[in-house]
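Computed from the coordinates by the stated procedures, all read-outs in this text should not be read as laboratory data. Computed from a predicted model, the values in this text were never measured in an experiment. Heads up, the Cβs are rebuilt from the backbone with ideal geometry, glycines too, and the neighbour counts pull from every protein chain shown.
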Amino acid sequence: MKHIILILLLAIIGNSCEKTVSIDIPDNGRKLTVNSFFATDSNLFISLTKSKYILDGEFEFESVENVDISFFENDQLIEKLNEINPGSYKSNYILKENHTYRIELTSENFPLATSESLIPERTEISSFLVYPTLDEYGYKVNGFKLKFQDHLNEENYYFIKVYRNQKFTYYDEYTDTEITGEFMEPEYLYSDDPNIFQEEWGLTEGLLMSGEFINGREYILLFSGYTGYYYDEFEAGMNNSMTFHLEFCTVSKDFYLYYKSLSKHREATDDFFMEPVQVYNNIENGFGIFAGYSIAKDSVMFYLPD
C-alpha cells in the first residue's frame, strides 16, 4: 500500500512540474541554394532552388528561374550560363584542370551570390587490382589494391568509387529464347586505411580520403567492397567474369569538406543523442556547394573462382 501511495505522489508532483515552452525561431528570409559539382573535360551544370524556413511545412524545394549567372575562369569572364530547364543552368565551355572557377548570381529577388572552387590536377593511377578476400566476419568480398603517386607539397584530397559491370544469360521459357544482357551497379566500399574518413563512410557514395600524411609519396590503398552477392550464391545464369570500373577523383577542398560534413550530418540525424551538424557551405550570400574535381579512370576484368 505504501508503494502505491508513493507512486501516486510522484505522478502528481511530475504533472505539476510540467511546463510548455514556446521557442521563437527567427525567419531570416530565403536565399539562393546552389548545387554544382564540376569536373575536367565537361560543361558546368548548376541547379538553383530557394531555401526554406524550418516551419514552412513543405518538402519540395522551389526552383529559381531567370537568374543571371556570370561564369569566370581564373578571374576572366568566360560566358553567361544558359537556363536549359526551370532552375537548371549550363555552360558551353569545357572545363580544365588546375583552373579556378567562379560564379556570380544576380536576381531580382535575391542579393548577389558568389562562389569559387578549384579543379585540381588529376592524379594518375599507377595500378588497380582486384582479388577475392574475406571480411572480418568471414564472408567473401572483393578486395581492391590501388597504387598512385600523390602530388608533392599540395593539399590533396581524393574520392574513390568503383562500379561492377556484369554480363548475364538466361533462358526465357515464355518466349522460348535465350536472353543476354548486362548491368552496372556501385560497390559499397570500406577501408581500414588511416587516411580514409571513417565516419560511417563506405555505406553510401564512396571512400573519402585525405592526402595530408602522404605528401608526395607513392601510396598503396587497400579497400574492399560488397556487390550485394556472395560468390557461393552466384546465379548460374551469370557469366563467370565481371569488370570493375574505378573512378579515382582528385577533389577540391570544398568537395572534401562538404562530403565530410554531410556524412557527419547524416550520422547525427540518425542518432538522437548527437548534436546537429551543419553541412559545409561555400556560397557567399546563399547556401549550397560549388566544388570542382578531376577524374582518372581504370578498369580490370575479374574471373570468379571455379
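Lys/Arg Cβ at +1, Asp/Glu Cβ at -1, dipole of segment 32-119 taken about the Cα centre: which of 105, 88, 44 is farthest positive-ward? Of 105, 88, 44, it is 44.
Within segment 75-134, all pairs of alpha-carbon atoms sorted by distance into 10 Å bins from zero give the percentages 15, 35, 23, 13, 11, 3. Under a model in which nothing but the beta-carbon of Lys, Arg (+1) and Asp, Glu (-1) is charged, segment 49-129 shows a dipole of about 180 debye around its Cα centre. In the calculated pair-distance distribution of segment 116-174, the portion above 14 angstrom amounts to 74 percent of the Cα-Cα pairs. Its residues counted as N, segment 57-208 yields a C-alpha radius of gyration over 2.2 N^0.38 Å of 1.53. Measuring against 20 Å, Cα to Cα, the residue pairs 31/260; 161/253; 145/260; 96/253; 161/260; 96/297 contain 31/260; 145/260 as the ones spanning a longer distance. Sites listed here are GluC sites (Glu not before Pro) in segment 58-128 whose DSSP assignment is loop and whose Cβ has at most 15 other Cβ atoms within 10 Å: 58, 60, 62, 65, 108, 121, 124.
Calculated translational diffusion coefficient of segment 32-119 (20 °C, 1.002 mPa s; Stokes-Einstein with Kirkwood radius over alpha-carbon pairs) equals 156 µm²/s.
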